[in-house]
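Below is one structure, written out as structure tokens; comments come after it.
Laboratory data are not the source of any read-out in this text; all were calculated from the coordinates shown. None of these values were measured; they are calculated from a predicted model. Here the Cβ positions follow ideal geometry from the backbone for every residue, glycine too, while neighbour counts run over all protein chains shown.
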Amino acid sequence: MGNLNRRTWGPADEATTDEKHRASLYVASIAHDKADATHLLGALGLLPKRLTAEHGMRGYRAGCRCTTCRKANTTRLNRQNRTAKGDQ
């Protein structure tokens with residue numbers, strides 16, 4: 001486990017994944033509501049870089065694994081396989 005109180009951090013140092021996770025949990029525990037938590041996490045740079053807002057192939061590429069996104073990926077793979085078999 002990392003030491004969040006260490007004094008040897010420089011401007012180029014990056015927190016570990018575990019430290020970021022623990023900081024996010026702490027912020028969530030002290031936030032008054034969702035807006036407050038979002039504001040605090042944003043100020044600390046702990047918000048995800050991209051939020052999945054779309055479903056389908058774009059959502060699958062962004063990491064969403066809901067039924068709609070998985071079906072879009074399966075359709076894409078099937079189409080690729082049919083195209084590859086037709087080229088041979």
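What to note about this one:
- Separation in nanometres of the label points that stand 7 Å from Cα toward Cβ, at residue 26 and residue 85: 5.6
- Highest-first arrangement of 27-37, 54-64, 69-79, where packing means the average Cβ count within 10 Å: 54-64, 69-79, 27-37
- A simple rule links phi to the HN-Hα coupling: the Karplus curve 6.51 cos²θ - 1.76 cosθ + 1.60 with θ = phi - 60°, which for the stretch 33-46 gives 7, 4, 4, 5, 5, 4, 4, 5, 5, x, 5, 8, x, 9 Hz, with x for Gly and Pro.
- Rounded if a/c under 1.5, otherwise prolate or oblate - the stretch 17-88, Cα gyration tensor axes: prolate
- Each residue, residue 74 and residue 57, gets one label point 7 Å from its Cα in the Cβ direction; the gap between the two is 1.8 nm.
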